[in-house]
1. Size of the dipole of the chain about the Cα centre, Lys and Arg at +1 and Asp and Glu at -1 on the beta carbon, nothing else charged, in debye to 20?
2. Across segment 50-57, in residue order, what do the Karplus-derived ³J(HN,Hα) couplings come to in whole Hz, using 6.51 cos²θ - 1.76 cosθ + 1.60 with θ = phi - 60° and x for Gly and Pro?
3. May I ask you to work out the translational diffusion coefficient for the chain at 25 °C, viscosity 0.890 mPa s, via Stokes-Einstein with Rh from the Kirkwood sum over Cα pairs, reported in whole µm²/s?
4. Rounded to whole Hz and in sequence order, give me ³J(HN,Hα) for segment 16-32 from the Karplus expression 6.51 cos²θ - 1.76 cosθ + 1.60, θ = phi - 60°, writing x for Gly and Pro.
5. Per DSSP H run of n ≥ 4, the term is -39500 (n - 2.57); total these for the chain, divide by its residue number, and report the mean residue ellipticity at 222 nm rounded to 500 deg cm²/dmol.
6. Can you tell me which of 22, 43, 13 moves the most in a GNM of the chain? Springs connect C-alpha atoms under 10 Å apart.
Amino acid sequence: MYYLYILYSEHLDRYYIGSTEDISVRLKEHLWNHEGFTARAKDWEIRYSENFLTRSEALAREQQIKKWKSRKLIEKLIASRD
């Protein structure tokens, strides 16, 4: 199983979109000391996820959402799951 996920940082007031095979391990990696965008905050939480059978499906969905470049659409997607 593969996952698309959307993280949110209240500190940065920003979303991060990614995909992974193990969502709990990946969140821990974002919270550990590392380089990259998510290293700028330590309060990331999972706000949304979808599961897929293949890695290519998860990556395709990740790219689709990233192409939106719209916070409103991302928040609408998250709200649709609530």
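A short reminder: the numbers here are calculations on the coordinates, not readings from a lab. Quick caveat, the model's predicted, so the values are computed rather than measured. Note: ideal-geometry Cβ built from the backbone for every residue, glycine included; neighbour counts use all protein chains shown.
1. On the way: 15 positive and 13 negative charges, 76 e Å.
So the dipole magnitude of the chain works out to roughly 360 debye.
2. Couplings: 9, 10, 9, 6, 10, 5, 5, 5 Hz.
3. Estimated diffusion coefficient is 189 µm²/s.
4. For segment 16-32, the Karplus-derived couplings read 10, 10, x, 9, 6, 8, 10, 5, 5, 5, 5, 4, 4, 4, 5, 8, 6 Hz, x marking Gly and Pro.
5. So the helix-based figure for the chain works out to -12500 deg cm²/dmol.
6. Looking only at 22, 43, 13, the biggest GNM fluctuation is shown by 13.
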